[in-house]
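Presented below is the structure to which this report refers.
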Amino acid sequence: MTIVGARPQFVKAAALSREFASREGIEEILVHTGQHFDANMSEVFFTEMEIPRPKYNLDVHSLGHGAMTGRMLEGIEDLIEKERPDVMLVYGDTNSTIAGALAATKLHVPVCHVEAGLRSFNMKMPEEVNRILTDRISDVLYCPTDAAIANLSKEGFDGFDCEVVKVGDVMQDAALFYAQKSKERSTLKLEPGFVLCTLHRAENTDDPARLKSIVEALESIHEESEVILPLHPRTKKKLEDYGMNSSLNIIDPVGYFDMIELLKKCKMVMTDSGGLQKEAFFFGKYCITLRDQTEWVELVEHGVNRVVGADGDKILNAYRKFSSRPSSKFELNLYGQGSASKNITDHLLQFTSKH
Ligand code: UD1
């Protein structure tokens with residue numbers, strides 16, 4: 001049984017569900033919690049990426065953390081009782097992830113966590129809480145990077161009753177697969193050379209001072225280089241609530257093919273998303289991270305990502321630094337070069353034959 005609910009999980013499931021379908025001996029029951037529900041935040045990914053239709057949709061969304069996670073927990077528990085899966089598979093760090101992992105572990109269904117071991121070391125982020133707790137109750141921790149393995153080691157996971165496996169990043173599998181199709185399938189008309197920006201993290205959207213500072217820096221960049229901002233519904237609502245106007249090129253959230261074309265044609269990425277930081281790297285673009293920490297530390301170590309928070313001067317400085325550097329193909333193999341889904345599936349088949 002696989003739990004998905006939020007946009008980045010659809011991208012990850014697209015890669016892994018395709019691999020599952022191509023192999024003997026795996027039946028996947030896909031459960032959508034309903035966390036993301038707008039057509040352009042959910043449905044478009046299932047259609048474009050040909051993700052199997054979820055067998056169940058719990059339709060839980062737009063609630064506070066407790067109510068959202070609690071209702072998902074209850075719904076998933078019922079489905080586990082009904083379907084008796086051999087394994088529960090969860091992705092990433094959202095409320096859907098912790099709900100799936102917690103429901104399964106209480107019913108003694110082994111939990112496999114894809115994207116385990118990542119840390120921002122900021123416990124104020126709901127994602128950090130979700131990922132730490134999910135890791136601790138997982139039986140198999142599929143880590144994307146060496147840094148993730150090292151984090152778990154420091155937290156004592158070597159002594160826990162679980163398996164920690166480095167597999168690479170399923171998001172690179174998806175990027176490589178769909179990049180071949182995006183040109184024909186994207187509907188956007190783009191002039192190369194713009195800055196691609198996304199903004200949705202609670203730490204930025206729920207703090208008017210931070211949001212204002214970021215938007216002002218983007219406005220001043222937009223005077224010399226177009227800033228295209230596919231806007232998450234959370235941020236749209238907050239900008240309206242705070243009465244903030246903007247002259248940036250704001251568009252609705254985009255599907256995966258459009259996002260790949262935006263990545264191919266932009267000159268740089270600015271984001272507070274985790275996934276987009278890596279996707280910038282996959283498409284050879286520098287990334288400015290609008291957060292105070294990143295889980296993808298190897299990108300910073302290799303000089304292709306700068307973590308600047310919400311500080312206007314730092315954002316502009318990083319923009320100037322990266323603008324003066326030619327973009328190139330980043331040839332380093334940090335994320336497995338498309339092998340993660342295969343590695344996970346091989347391991348999962350072995351694991352289930354033993355349990
Ligand atoms: C969630 C994840 C975050 C992930 C992000 C990807 C948690 C705690 N956070 O944040 O880690 O990076 O998804 O986008 O799980 N909304 C809509 N339509 C939608 C989806 C959301 O209007 O299709 C609204 C919700 O009603 C809510 C707000 O946007 O008011 C925030 O949605 P929520 O799912 O709580 O968190 P995200 O910000 O999307």
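Observations on the model:
- Student exercise, the chain dipole from Lys, Arg, Asp, Glu Cβ charges, in Debye to nearest 20: 640 debye
- Accessible-area composition of the stretch 87-189, carbon plus sulfur, in percent [1.4 Å probe]: 55 percent
- Placed amide H near Val164: partners under 5 Å, 5+ positions off or other chain: Leu141
- For the pair Thr47 and Ser220, the difference between a 0.36 nm per residue extended length and the Cα-Cα distance amounts to 58.6 nm.
- Of Lys238, Lys166, the residue with the largest accessible area leads and the full order is Lys166, Lys238 (1.4 Å probe).
- Among 188-194, 248-254, 8-14, the peptide with the highest mean count of other Cβ atoms within 10 Å heads the list, and the full ranking is 8-14, 248-254, 188-194.
- For the residue pairs Lys264/Lys285; Lys181/Lys342; Lys183/Lys264; Lys189/Lys265, the C-alpha atoms sit more than 18 angstrom apart in Lys181/Lys342.
- Heavy-atom accessible surface of the stretch 182-323, averaged per residue, reaches 41 Å², computed with a 1.4 Å probe.
- Neighbourhood charge, 15 Å Cβ-Cβ cut-off, centred on Asn122 and excluding it, Lys, Arg +1 and Asp, Glu -1: -3
- A straight line joining the Cα centroids of the stretch 216-284 and the stretch 167-205 runs 11 Å.
- For the stretch 1-73, the solvent-accessible area of protein heavy atoms averages 44 Å² per residue (probe radius 1.4 Å; ligands and nucleic acids excluded).
- In the stretch 98-159, trypsin sites (Lys or Arg not before Pro) in a DSSP loop with at most 12 other beta-carbon atoms within 10 Å: Lys124
- Long hydrophobic helices in the chain, taken as whole DSSP H segments with a C-alpha length of 15 Å or more on their own axis and mean Kyte-Doolittle hydropathy at least 0.0: 95-106, 208-222.
- ³J(HN,Hα) computed for each position of the stretch 159-169 - Karplus, 6.51 cos²θ - 1.76 cosθ + 1.60, integer Hz, glycine/proline x: x, 8, 7, 7, 10, 10, 10, 8, 10, x, 10
- Interchain or long-range residues, amide H under 5 Å from Thr2's placed H: Ile29, Leu30, Val31, Leu89
The values are calculated or read from the model by the stated rules, or taken from the named source; none is laboratory data. Nothing here was measured: the structure is a model prediction, and the numbers come from that model. With ideal geometry, Cβ positions are generated from the backbone for all residues, glycine too; neighbour counts draw on all protein chains shown. Side chains are part of the model used for accessible areas, which takes the heavy atoms of the whole protein and leaves out ligands, DNA and RNA. Shrake-Rupley method; radii C 1.70, N 1.55, O 1.52, S 1.80 Å.
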